[in-house]
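Read-outs: derived from the displayed coordinates by stated rules, not from any lab. Since we're looking at a predicted model, the values are computed, not measured. When we count neighbours, we look across all protein chains shown, and the Cβ atoms used for this are built from the backbone with ideal geometry, even at glycine.
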Amino acid sequence: MTAVPETTDVLAAAREQVLGRGEGLTEAQVLAVLRLPGERLSEALQLAHEVRLRWCGPEVEIEGIISLKTGGCPEDCHFCSQSGRFPTPVRSAWLDIPGLVKAARQTKETGATEFCIVAAVRGPDARLLGQVREGVKAIREDGNDIQIACSLGMLTQAQVDELVEMGVHRYNHNLETARSHFPEVVTTHSWEERWDTLRMVGEAGMEVCCGGIIGMGETVEQRAEFAVQLAELNPHEVPMNFLIPQPGTPYEHYEIVEGRDALRTVAAFRLAMPRTMLRFAGGRELTLGDLGAEQGMLGGINAIIVGNYLTNLGRPASADLEMLAELKMPVKALSDSL
């Protein structure tokens, strides 16, 4: 990786390159942003906000997520309380169809335009796909036109095609971390297997949702690597999670990401991906608190998950909606996203 010369001001270069031309930063430039001193953080956040407004607009997309199948996953993702390989408090459970319909209805009532059905699996079997199909049908029969996304692990081409046929318009499958760091985080499957699923999803015409978790022992260089790998994927959406150390997992004693580092990472990722939807996801409450969340919304973020995050509690949807109202940020309407 070529280092940015010390005489180059990365934010000045970004103003011309990213804000002016819509071209994301290179890996070396992202690293330079991640290494900016604390006194320049507000400058980086302001520029990231300007980039978001220029290339994405002022609207904020709201999404709710629900776990259709919780716990008992055979994979060993070291951050995850739903892995059946670790002695966590989470137990395997399924949500019934009426519960799924109710959750979708409640999600739409918050003003959300997106409802994501999640399952803790390596990949979906016939039973799970059947439950998803039945759930999507029941949500539509309930008169709910909210857009439906899924996160069901790694897919085959036939499964991708089946989800498209069901009307699932977006698929989430996180790469989680930089390719060079992934073997330290997961050993039961490869980064390349995840990439292959994302490639098939994109080629099938579904929107690609792919992000990861900051704070899993990666270096600052690996955060820069991850940002440009995501940019290469050209996802519609990147969820930004910050590690919540889960009891019983190998990462239960990891330190929480410091707020300023989290905000610096938000700004750097926005400058790497000027046209991508950047979504606050799990861990923002623990890492940033209320004030930090507002700073993130004014530093490049343009989407949020409201309510809870699978096995972790989030903020009430009303609190996030109040925050957006105070910041005078319009919520994306369902009619604008159809």
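Per residue of the chain, what 222 nm ellipticity follows from adding -39500 (n - 2.57) for every DSSP H run with n ≥ 4, rounded to the nearest 500?
It comes out at -12500 deg cm²/dmol, rounded to the nearest 500.
May I ask you to derive the relative contact order of the chain, considering only C-alpha pairs under 8 Å and at least 6 residues apart, and to give it as an integer percent?
Taking the mean separation of contacting Cα pairs over the length of the chain, I get 24 percent.
Taking the chain as the reference, fit the longest principal axis to its C-alpha atoms, fit the long axis of helix 157-166 to the helix C-alpha atoms, and give the angle between the two in degrees, 0 to 90, nearest 10.
80 degrees
From the phi of every residue in region 44-54, what ³J(HN,Hα) in whole Hz does the Karplus formula 6.51 cos²θ - 1.76 cosθ + 1.60 yield, where θ is phi - 60° and glycine or proline is x?
Calculated HN-Hα couplings, in order: 5, 5, 4, 5, 4, 5, 4, 5, 4, 5, 5 Hz.
Any aspartates and glutamates with Cα under 15 Å of the LYS137 Cα? List them, leaving off those in the same chain fewer than 8 positions away.
Within reach: ASP96, ASP145, GLU162, GLU165.
Each residue of region 198-213 in order: what ³J(HN,Hα) in whole Hz does its phi give by Karplus 6.51 cos²θ - 1.76 cosθ + 1.60, θ = phi - 60°, with x for Gly and Pro?
Result, rounded to whole Hz: 5, 4, 5, 4, x, 5, 7, x, 6, 5, 9, 10, 8, x, x, 10.
Once both axes come from the Cα atoms, what is the angle between helix 220-233 and the longest principal axis of the chain, in degrees from 0 to 90, rounded to 10?
Result, in degrees: 60.
If a/c stays under 1.5 just call it rounded; otherwise compare a/b with b/c (prolate if a/b is bigger, oblate if not). Do that for region 13-93, with a ≥ b ≥ c from the square roots of the Cα gyration tensor eigenvalues.
Here region 13-93 falls in the prolate category.
Relative to the first principal axis of the alpha-carbon coordinates of the chain, what is the inclination of helix 97-109, with its axis defined by its Cα atoms, in degrees from 0 to 90 and to the nearest 10?
40 degrees
For the chain, report the translational diffusion coefficient in µm²/s to the nearest whole number, using Stokes-Einstein at 25 °C, 0.890 mPa s, and a Kirkwood Rh over Cα pairs.
Once the numbers are plugged in, D ends up at 122 µm²/s.
Pick from GLY289, GLY215, GLY248: which is most flexible by mean-square fluctuation in a GNM of the chain where alpha carbon atoms under 10 Å apart are linked?
Ranking GLY289, GLY215, GLY248 by mean-square fluctuation puts GLY289 first.
Straight-line reach from LYS69: which lysines have Cα under 17 Å away, leaving out those fewer than 8 places along the same chain?
LYS102
Cysteines without a disulfide-compatible partner in the chain, using Cβ under 4.7 Å as the rule?
Taking the Cβ cut-off of 4.7 Å, the unpaired cysteines of the chain are CYS56, CYS73, CYS116, CYS150, CYS209, CYS210.
Where in region 130-159 does the amide nitrogen come within less than 12 Å of the point 7 Å from the Cα of MET166, taken along Cα to Cβ?
Within reach of a label on MET166, which here means backbone N under 12 Å from a point 7 Å along Cα→Cβ, region 130-159 contributes 130-139, 148-153, 159.
Any chance you could check the Cα centroid distance between region 72-139 and region 217-243 for me, in angstrom?
That distance is 24 Å.
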